[in-house]
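The values are calculated or read from the model by the stated rules, or taken from the named source; none is laboratory data. These numbers were taken from a predicted model, which means no experiment stands behind them. So basically every Cβ, Gly included, is an ideal-geometry build from the backbone, and we count neighbours across all protein chains shown.
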Amino acid sequence: MSRIEIKNLSKKFQRTGASDQSAVTAIDSLDLWIEDGEFFTLVGPSGCGKSTLLDILAGLSTPSQGEVLVDGQPISGPSLERSVVFQQYALFPWLTAAANVQVGLESQARHGQGLNKAERRIRAHEYLRLVGLEGVEDKYPHELSGGMRQRVAIARALAHEPKVLLMDEPFAALDAQTREQLQDLLLDIWKRTKTTIVFITHGIEEAVYLGQKVAVMSARPGKIKEIVNIDLQDRQSVDDIRSTQQFGEYRHHIWSLLHSHSRQDVAASVEKTLISSGATA
Amino acid sequence: MSTLALPDQQIRVETSSAQRTAPTGRAGATIRKTLYRSGAIIGFLLVWELIPQFLLEPASKVFLPPLHEVLQQLWKMIVSGDLLTHISASLGRSAIGFLLALVIGVPVGLVVAWFSRIGDFLNPLLEVFRNTAALALLPVFTLTLGIGELSKVTIVLYAAFFPVLLNTILGARSVDPLLIRAGKTLGLNNFEIFSKVVLPASVPIIFTGIRMAGTSAVLVLIAAEMIGAKAGLGYLITNSQASFLIPKMYAAILTVAILGFVVNAALVALERHFSRWARA
């Protein structure tokens, strides 16, 4: 339910004490506009700075240059308005599923704008039901499967009703079947809550299936190569939309965007190794 | 129909008989396992009983009385209440020192871990202290604090403090940074990150330190009591030896062994209870 503007954003990493030139540019003057209520996916090779970008959106790290505005307001640190779902679930292992879901609600209550204890418990159960988990309220994370843990993490991120949901390769550690289930679950939730979702993945198919827009990133330095509008009908109204021709075209288009650069790299590096091995022989 | 029903019935019979035999089989296995595990202890006690009885000459038998004499003596001391006095003297001292070590060690460890610059500064000194045997400092404590309760509680505190402190530092430092990041995005401020994420996440490692501290609290205290005290199990051992009450000495040693075992078992149980969630 929020609009995100990224203006001329750069992020450099520098080792302490190292010179300015040795700094690694993770993101280089990036501009992005994410509409209110949009499902926005970012796809790119590893090391393209997509996780760095998500960290900045979450307020967990600060940009070296440029700014990020959420509803016109610059980001200053983490906020309950922007929830994060991490690849490795990041559930608190000493809390039960229901208690995990209540962590954000408790923070809200401490700031005097939240629910009381009984309401929080009801809300936690509601959101666990929303992600298809019932009867696991009192289970600890280590008693749940990977897919269930990620469901709890999604419930935890949503329970305090954030305006933006940031997801950092949330389904990458799951098996294919569980991943598809959770993708559909996420689409359902998005349709119901109208939360703005920024979803990072390295899976092209996942990006096309979920996103209204797919931003393709290139690596070193991280830049947006192209933003592809995905103009598919409702994903779940068609049987197996992934095998339609249109879906395939989107998939292929993004695939070529991602590979046009790296193929040249591969060719160059192969040539280099041939030359160097020829020199040693 | 009947031919079809037959195999089904057979299966049912088989499963029910399997169900009947399974529990007794399992119980038998448990008994066998327990017997096997306590075999060494039973063997040791038998050796203690039989060798002085049949192999030792009367002159050396005085120095190593058979187990039953020691147990008789132990029973006498239990009945007279003598033993309880000494046990409570020892337990009281070690409990006070141990609890003080917890109350000081855990918060100090958390602060040291949180402010890494303080940690870097203090760490070399802590390493020196930790590797100084507590008993080597007993004369210092006796000189400065007298031979009363204070010096004994202090040495227990010293011995128990370092395992607690160092494990707290280790535990707090090894918290998964991802959990801290998650906590921040869920609206926790710095203090809440500390109390709601870092502290609970380090509980299993802190408890390992607490268990080590508990064991060394008992060990060091007994030694300290042997050097100078008017009551306590360590005093009982040396005093019985000096008075040539050999069975009494062994009874006291046996008590020390059992006490150490019980303290450790209790702390292990506590550790398990608080680290349930860590068994992923």
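All conditions in (1) surrounded by 22 or more Cβ atoms within 10 Å (Cβ to Cβ); (2) within 14 Å of chain A (Cβ to nearest Cβ); (3) of a type in the set (A, V, I, L, M) hold for residue B:172, with the sole exception of (2). Condition check for residue A:24 on (1) crowded, with 20+ Cβ neighbours inside 10 Å; (2) more than 30 Å from residue B:202 (Cα to Cα): one failure, at (1). Of the helices (runs of 4 or more DSSP H) lying entirely inside the range A:165-281, the ones with 3 or more residues being within 17 Å of the chain's Cα centre (by Cα), closer than 23 Å to residue A:45 by Cα and at pLDDT 80 or above are found at A:176-193, A:204-210. One residue alone among B:205, B:180, B:258 is over 29 Å from residue A:110 (Cα atoms), within 14 Å of chain A (Cβ to nearest Cβ), hydrophobic (A, V, I, L, M, F, W, C) and part of a helix (DSSP H, G or I), and that residue is B:205. Screening the range A:74-98 for residues that are outside any loop (DSSP other than H, G, I, E, B) and either crowded, with 19+ Cβ neighbours inside 10 Å or in contact with a His (Cβ under 8 Å, 6 or more places away or on another chain) (or both) and picking the one that is nearest to the other protein chains (Cβ to nearest Cβ) gives A:84. With respect to being in a helix (DSSP H, G or I), touching a residue at least 12 places away in the same chain (Cβ under 8 Å) and more than 22 Å from the chain's Cα centre (by Cα), residue B:161 falls outside the description.
Looking for something out of contact with any Phe, Trp or Tyr (no Cβ under 8 Å at 6 or more places or on another chain) and among the charged types (D, E, K, R) - is there at least one such residue anywhere in the range B:219-227? Scanning the range B:219-227, I find no residue that is out of contact with any Phe, Trp or Tyr (no Cβ under 8 Å at 6 or more places or on another chain) and among the charged types (D, E, K, R), so the answer is no. Checked against the criteria, residue A:13 does not count as surrounded by 20 or more Cβ atoms within 10 Å (Cβ to Cβ) and not basic (Lys, Arg).
Each row is one residue, and each column tells you yes or no for (1) of a type outside the set (A, V, I, L, M); (2) over 26 Å from residue B:133 (Cα atoms).
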position: B:171; (1), (2): yes, no
position: B:192; (1), (2): yes, yes
position: B:200; (1), (2): yes, yes
position: B:206; (1), (2): no, no
position: B:216; (1), (2): yes, no
position: B:221; (1), (2): no, no
position: B:225; (1), (2): yes, no
position: B:238; (1), (2): yes, no
position: B:241; (1), (2): yes, no
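For the range B:217-230, taking the residues that are surrounded by 21 or more Cβ atoms within 10 Å (Cβ to Cβ) and either more than 22 Å from residue B:146 (Cα to Cα) or not small (Gly, Ala, Ser) (or both), the one that is farthest from the other protein chains (Cβ to nearest Cβ) is identified as B:225.
Looking at the range B:186-202, which of its residues are in contact with a Gly (Cβ under 8 Å, 6 or more places away or on another chain) and buried (at least 19 other Cβ atoms within 10 Å of the Cβ)?
Taking the range B:186-202 as the starting set, the residues that turn out to be in contact with a Gly (Cβ under 8 Å, 6 or more places away or on another chain) are B:186-187, B:192-193, B:196-197, B:201-202.
Within the range B:186-202, B:186, B:187, B:193, B:196, B:197, B:201, B:202 meet the criteria.
Among residues that are surrounded by 14 or more Cβ atoms within 10 Å (Cβ to Cβ), in contact (Cβ under 8 Å) with a residue 40 or more places away in the chain and at negative phi, residue B:62 is not included.
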